[in-house]
Amino acid sequence: MQLAAIIVSLVLTVVGVALLARAIGQFVRHFALGQPVPVGSRTDNPYSRSVTLVREFLGHTRMNRWGIVGIAHWFVAIGFLTLPPTIITAYGQLFQADWTLPAIGGFLPYELYIEFIAAMTTIGIAVLMVIRLLNLPSRPGRKSRFAGSKMGQAYFVEYVILTIGLAIYVLRGLEGALHHVDHYEAAYFASYPLVLAFKGLSLGTLQNLVYLTAMIKLGTTMVWMITVSLNTNMGVAWHRFLAFPNIWFKRNADGSTALGALQPMTSGGKPIDFTDPGDDDVFGVSQVEQFSWKGLLDFSTCTECGRCQSQCPAWNTGKPLSPKLLIMSLRDHAHAKAPYLLAGGGKTMEGEEKASAEQLKDVPAAALAEAERPLIGTLEDNGVIDPDVLWSCTTCGACVEQCPVDIEHVDHIVDMRRYQVMIESSFPSEAGTMLKNLEKKGNPWGLAKKQRLEWTKEVDFEIPVVGRDIEDLTEVEYLYWVGCAGALEDRAKKTTKAFAELLHIAGVKFAIMGGDEKCTGDSARRLGNEPLFQELGMENVMALNMAFGEETDDDGKVTEESRKPKSAKKIVATCPHCLNTIGNEYPQLGGDYEVVHHTQLLQHLVDEGKLVPVTPVEGLITYHDPCYLGRHNKIYTPPREIIASVPGLRNEEMHRHKERGFCCGAGGARMWMEERIGKRINNERVDEALSLNPDIVSTACPFCLVMLTDSVNGKKNDGKAKETIQVVDVAQLLLDSVRTPVDDEPDDEPPAGTSESESEPEPQPVK
């Protein structure tokens, strides 16, 4: 028995270690196929990156959002990393049944740790197996987050861990029996029942059982190692190694998710200069090797857990996009194509083969066939990613927010969109109208710029305009960036006027641009038209810098003498998309401003007593989190505090809210595209809201306001929603409560029972 155990274990070990070393080499060469990233963009601030890695792993900060799943996974992960000493012990036991590790083998704290972690790892993996079984892909519709995952691989990994965990306990029980443990000892607190079970066996039997169990433990470990080494696209296994570098190299060293700003387009690791692009510049991604090495690392790290899929608004409304399946397809394609690329294969811009026939002679036929597949193409074209998958994305960020290993799905989707738009001119036709309007009129609706100021005629107080009423913004505290929707869309204009009136009541000095400003370019950039975004953004940055009193040189750059600190350039926006673009993306274009959302400023004014909600607004309200306000910019509290400050309102959250909020369907330029597949996303969201039977559905984004209003009105017409339900911005609610109710008292007398100061607080400038 001993001889057989030694031979089997050592042979499997030699094969397993050799194959693992080869697989690691394959990964290194595979990731090197990707494009470089801008210098320092993934390696800045090593200390913060290391702290982030430790915090995310030890704290399981993403996984623990899922309750018991996170706790069970934590013990499994800790067991995987800290139980290798038991492997060394098992090798020693092949040669001497009662062998223990030198120095620490009989050290009580070590033995207590092994007993505890081994027990919790075994229990943890059993819990995860049960959860997987309860979420079988055979569940109806798209309810299972494991739908599309490679379940055979997952079960293999789970049963391996379970087998190893049980083997550790059997060995611990046999060790206790061999060491003549005849009463309860703390060192065997978990395995003591097995010690008692084995106590009556003879020495020879105990030794043979040790050899057999050690062989099972080591053999199972090495079979796992051999299997995963032969399957480098086995994400459910490899994520336990690749997650560490993937988290360390994440976009933001401070640990924040890869949301908010999109990354500038790069080619060869350098940003593209759209005023004078290079002849060899590659625009977007049309081949898998055009992703960066971090992108290839992302794909290989996917563990197929499906958390992204379960949160995706496209997947939940019957559309072809699943962030998980997208990443899996890119991973499998990249690994299948790798032998061809490593041999020097590749296509030129004209579609000609770069490598000679001699170079490709040893490339497997399967890799050559994979190389012929278009990265983006329909099923008939044998494409890797269907175009409908790309255009279903709302860039809401739910996938990035939930991914436990920090995969950057949105960046990869936009990179593929960029190629489709800029090189192939292939995108939904309705979006073409939006792009033309942006190019010709500077706004998505194609309206004349003079109409940007029409709303100011509908309020009964003066609104200063930069360049007309004031010379520059040094005379006011805030620039109110109204945005295209806020100035031109009828429903959004209600929010604009309400917010302006609230600022007027509070005595906040503000001004607006004169109508020459353009769309920030949010939709153009997320659609994939980077040059148009750059053009619109540069014009706006120049206009803003001038408005803030900064001077520019002949190249349009701010002179150092006139440059002002960020804190002196305050902008408030009612549109989260404008907030995100100006605050997070314009710094890429030379514009550095302090940008706040209107709900943040309003909450501050309420807290300071500059706005006093006094009039009750009766009814049940539910609040919808805009994706670009919440997930992309982490602003969840201010709108809710404003709602809480309004007397009479009773707030009830929808099932999906805050970090798990559900998109309205307008992001990622989807505002300008028709939904032809599955259920409309805004209808799904409104159905969730209506399940609470609210009187008011509130939000804090003009895009969300339009989408939710359209859906509610449609359901009113169909008799599925009560006629009295309203969809309003939180600013409108606050204004209704701040205003003194109209009554029959003379204008110069306060209402009965109130002092003059209570009837209308004197406006004071915000501090």
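The values are calculated or read from the model by the stated rules, or taken from the named source; none is laboratory data. Treat the numbers as computed from the prediction; the structure is a model and nothing was measured. Glycine gets a Cβ as well: all are built from the backbone with ideal geometry, and neighbour counts include every protein chain shown. What goes into the accessible areas is simple: the full protein's heavy atoms, side chains included, and nothing from ligands, DNA or RNA. Shrake-Rupley method; radii C 1.70, N 1.55, O 1.52, S 1.80 Å.
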message = Which GluC sites (Glu not before Pro) in the range 440-471 sit in a loop by DSSP (not H, G, I, E or B) and have at most 16 other Cβ atoms within 10 Å of their own Cβ?
response = 462, 471
ask   = Between rounded, prolate and oblate, where does the range 185-232 land on the alpha carbon gyration tensor, with a ≥ b ≥ c its root eigenvalues, rounded for a/c under 1.5, else prolate if a/b exceeds b/c?
value = oblate
query = What does the convex hull of the Cα atoms of the range 489-573 come to per residue, in Å³, rounded to a whole number?
reply = 127
message = Report the gain in length on full extension from residue 594 to residue 136: 0.36 nm times residue separation, minus Cα-Cα distance, nm rounded to one decimal.
response = 160.1 nm
The range 519-571: GluC sites (Glu not before Pro) falling in loop per DSSP and having at most 13 other Cβ within 10 Å = 551, 560, 561
Distance from the range 633-665 to the range 192-206 (C-alpha centre basis), Å = 61
key: In Å, descending, principal axis extents of the Cα set of the chain   = 105, 74, 59
note = For residue 726 and residue 509, extending 7 Å from Cα along the Cα-Cβ vector and measuring point to point gives, in nm, a value of 3.4
query = In Å², what does the accessible area per residue of the chain work out to with a 1.4 Å probe?
reply = 42
query = Which FRET efficiency value, to the nearest 0.05, is calculated for residue 634 and residue 45 with the Förster distance at 25 angstrom and r the Cβ-Cβ distance?
reply = 0.80
ask   = Out of every Cα pair in the range 308-348, what percent are spaced more than 13 Å from each other?
value = 61
task = Give the peptides 523-534, 209-220 in descending order of average Cβ contacts within 10 Å, highest first.
result = 523-534, 209-220
key: Among the listed pairs 449/569; 450/570; 450/509; 494/566, those beyond 28 Å (Cα-Cα)   = 494/566
query = Considering amide H positions built from the backbone, and no H for Pro or chain starts, which residues 5 or more places from residue 726, or on another chain, come under 5 Å of its amide H?
reply = 696, 697
inquiry  = If you fit an axis through the alpha-carbon atoms of helix 2-32 and take the longest principal axis of the Cα set of the chain, what angle between them do you get, 0 to 90°, nearest 10?
reply    = 30
inquiry  = If you consider only alpha-carbon coordinates, what radius of gyration and Dmax does the range 27-100 have, in Å?
reply    = 19.1, 56
key: For the range 193-199, Karplus couplings with θ = phi - 60° (6.51, -1.76, 1.60), whole Hz, Gly/Pro x   = x, 6, 4, 5, 5, 8, 4
remark   = For the range 38-43, in residue order, the Karplus 3J(HN,Hα) values (coefficients 6.51, -1.76, 1.60; θ = phi - 60°; whole Hz; Gly and Pro = x) are x, 3, x, 6, 10, 10
request  = Any chance you could look up the accessible area of residue 354 with a 1.4 Å probe, heavy atoms only, rounded to 10 Å²?
outcome  = 130
ask   = Which loop-located trypsin sites (Lys or Arg not before Pro) does the range 134-204 contain, where loop means any DSSP state but H, G, I, E or B and the Cβ has at most 14 other Cβ atoms within 10 Å?
value = 143, 199
note = For residue 265, the accessible surface traced by a 1.4 Å probe with all protein chains present amounts, in square angstrom to the nearest 10, to 10
task = Could you work out how far the C-alpha centroid of the range 565-630 sits from that of the range 481-552, in angstrom?
result = 13
query = According to the square roots a ≥ b ≥ c of the eigenvalues of the Cα gyration tensor, what is the shape class of the range 154-243, taking rounded for a/c under 1.5, prolate for a/b larger than b/c otherwise, and oblate for the remainder?
reply = prolate
message = If you consider only alpha-carbon coordinates, what radius of gyration and Dmax does the range 339-415 have, in Å?
response = 16.3, 47
Label-point separation, residue 612 to residue 559 (7 Å along Cα→Cβ), nm = 4.9
Ratio Rg/Rh, restricted to the range 229-318 and using Cα atoms, in which Rh is the Kirkwood radius = 1.03
Chain lengthening between residue 112 and residue 381 when straightened (0.36 nm per residue, less Cα-Cα) = 90.9 nm
ask   = Can you give me the relative contact order of the range 411-477 as a percent, contacts being Cα pairs under 8 Å and 6 or more apart?
value = 11
message = I'd like the carbon and sulfur percentage of the solvent accessible area for the chain, probe radius 1.4 Å, heavy atoms only, ligands and nucleic acids excluded.
response = 56
Amide H partners (placed H, <5 Å) of residue 651, local residues excluded = 621
note = For the range 10-150 the mean separation of alpha carbon contacts under 8 Å (6+ apart) over residue count, i.e. relative contact order in percent, is 19
task = Please work out how much length the chain gains when fully extended from residue 439 to residue 546, using 0.36 nm per residue of separation minus the C-alpha to C-alpha distance, in nm with one decimal.
result = 36.3 nm
Karplus 3J(HN,Hα) series, Hz, for the range 494-505 with 6.51 cos²θ - 1.76 cosθ + 1.60 (x for Gly, Pro) = 4, 5, 4, 5, 5, 5, 4, 5, 5, 4, 5, 4
Amide H within-cut-off set for residue 548, under 5 Å, with H built and near neighbours excluded = 473
request  = When a/c is below 1.5 the answer is rounded, else prolate if a/b is larger than b/c, else oblate, so apply that to the range 585-699 with a ≥ b ≥ c taken from the square roots of the Cα gyration tensor eigenvalues.
outcome  = oblate
query = Hey, any idea what Rg/Rh is for the range 404-532, computing Rh the Kirkwood way over Cα pairs?
reply = 1.08
task = State which entries of 294/354; 457/518; 324/441; 319/440; 493/610; 518/715 exceed 27 angstrom in Cα-Cα distance in the structure shown.
result = 324/441; 319/440; 518/715
ask   = Any idea how far apart residue 205 and residue 151 come out in nm if each label point goes 7 Å out from Cα toward Cβ?
value = 4.1
query = Add -39500 (n - 2.57) for each DSSP H run of 4 or more in the chain, then divide by its residues: what number comes out at 222 nm, to the nearest 500 deg cm²/dmol?
reply = -15000 deg cm²/dmol
